[in-house]
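Below is one structure, written out as structure tokens; the observations come after it.
FYI, it's all coordinate maths here, none of it is from the lab. Just so it is clear, the model here is predicted, and its values are computed rather than measured. Cβ sites come from the backbone with ideal geometry, for glycine too, and all protein chains shown count toward neighbours.
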Amino acid sequence: MAIYYPPVGFHFRVHFTGINATGEDAQFQEVAGLTAEINVEELAVGGENRFSYRLPVRSKYANLVLKRGMLTSSGLISWFRDAIENFTFKPVDINVELLNENNNTMTSWNFKQAYPVKWVISDFKAQENSLVVETIELAYQYFTRSS
């Protein structure tokens, strides 16, 4: 009987389609927000007092959150700045790939029409010896998973 080992969560790559991104733009220390759920609407029917019907309405997706050491310039930063400073939005597709030990894609998630909604730079603290981390939060329409 073969033993199944779940994939590791620390070997991944992020790719932005439609942005003049550099190699550093694919390197993140954390990807969060791979969450999908179905909204439910409750329907109370006359004569039935034991329960309400719970009907599926539509899918709901959390924002995609990416964290990395701050870059001073890149194609991705230009894209953020256009959205945040100029209110010019250019939605792009984002592909997050989970990699195996040979750098081959095990599975991937494709985020459709993503655009930046939040950009956070970590606090500067003279008493700590830490890196400056930027957190990028992206809204999108939906995501699909491919194996």
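So here's what we get for this one:
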read-out	value
Mean ellipticity per residue at 222 nm, deg cm²/dmol - from DSSP H runs of n ≥ 4 across the chain, formula -39500 (n - 2.57)	-2500 deg cm²/dmol
Descending semi-axes in Å of the chain, equivalent ellipsoid built from Cα gyration tensor	34, 23, 17
Low-density loop cleavage sites - chymotrypsin sites (Phe, Trp or Tyr not before Pro) in segment 44-96, where at most 10 other Cβ are within 10 Å (DSSP)	Phe51, Phe87
Local electrostatic count at Met106 - Lys and Arg +1, Asp and Glu -1, tallied over other residues with Cβ under 15 Å	0
Nearest 10 degrees, 0 to 90: helix 75-86 Cα axis against the chain principal axis	70 degrees
Whether segment 21-82 is rounded, prolate or oblate, judged on the alpha carbon gyration tensor where a/c under 1.5 counts as rounded	prolate
Chymotrypsin sites (Phe, Trp or Tyr not before Pro) restricted to DSSP loop in segment 95-147 with at most 15 other C-beta within 10 Å	Phe124
Within the chain, longest stretch clear of exposed trypsin sites (Lys or Arg not before Pro) (DSSP loop, no more than 12 other Cβ within 10 Å)	51-124
Pairwise centroid distance, computed over Cα atoms, of segment 1-24 with segment 89-147, Å	11 Å
Neighbour-limited loop hits for GluC sites (Glu not before Pro), segment 1-54 (at most 12 other Cβ within 10 Å; DSSP other than H, G, I, E, B)	Glu48
